1. Within region 132-154, take every residue that is among the charged types (D, E, K, R) and assigned to a strand (DSSP E or B) and give me the one that is surrounded by the most Cβ atoms within 10 Å (Cβ to Cβ).
2. Based on this model, can you work out whether T80 counts as out of contact with any Asp or Glu (no Cβ under 9 Å at 6 or more places or on another chain) and modelled with pLDDT of 75 or more?
3. Hey, among I109, I129, I95, which residue is among the aliphatic types (A, V, I, L, M) and assigned to a strand (DSSP E or B)?
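The values are calculated or read from the model by the stated rules, or taken from the named source; none is laboratory data. Keep in mind the model is a prediction, meaning the values are calculated, not measured. Positions of Cβ are backbone-derived with ideal geometry, glycine not excepted, and every protein chain shown enters the neighbour counts.
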Amino acid sequence: MKRLSFVIATAIALSACNSPQPAPQSTAEASVDCPPAPAPEVPKPMYDPLPDGVVLDLPFHVRSDRFYTTRGGDQRRVSTLELLDGDAGTVARGIGSALEASGFSTIAIPEKEDGVERLAFRKGGYGRINVSYQADPGDSPVNPAAVGVLKFDWPVDASPAAP
């Protein structure tokens, strides 16, 4: 019995020695010399899935972004974005107005009866930008919160290179 009492008393005494110390109440009590933390390394900015000069001030999700070659041998890029807020038509018309204000001219294109609205713009030295939009994100959007789809198609040599 004495032995058991001694073991219990020793265990209690040892656990009391290992109990955490209370934190200092002021910074004056804590005098730890630490070198300043290094500045965080900022990764290279991601490339933009939009043509130069086009800015979307609303949330979107990139459904796809690819490069392709036309039958004529021109390199082009097409980005398909799912809008997470707003109205695709209003956004596309706003982008069209911004492109016109920066020197692009509107190209008339025939309408198709497929629920997709299409716009086209051209600027000397830049080439043609095609913009299409639809309010329906489709049966299986990548992001379930999508409220519309906006698609851009433009010349590769007019855009910054992808990483």
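1. Looking at residues that are among the charged types (D, E, K, R) and assigned to a strand (DSSP E or B), I get K151.
2. Taking the combined requirement at face value, the residue does not satisfy it.
3. After ruling out the rest, the residue left standing is I129.
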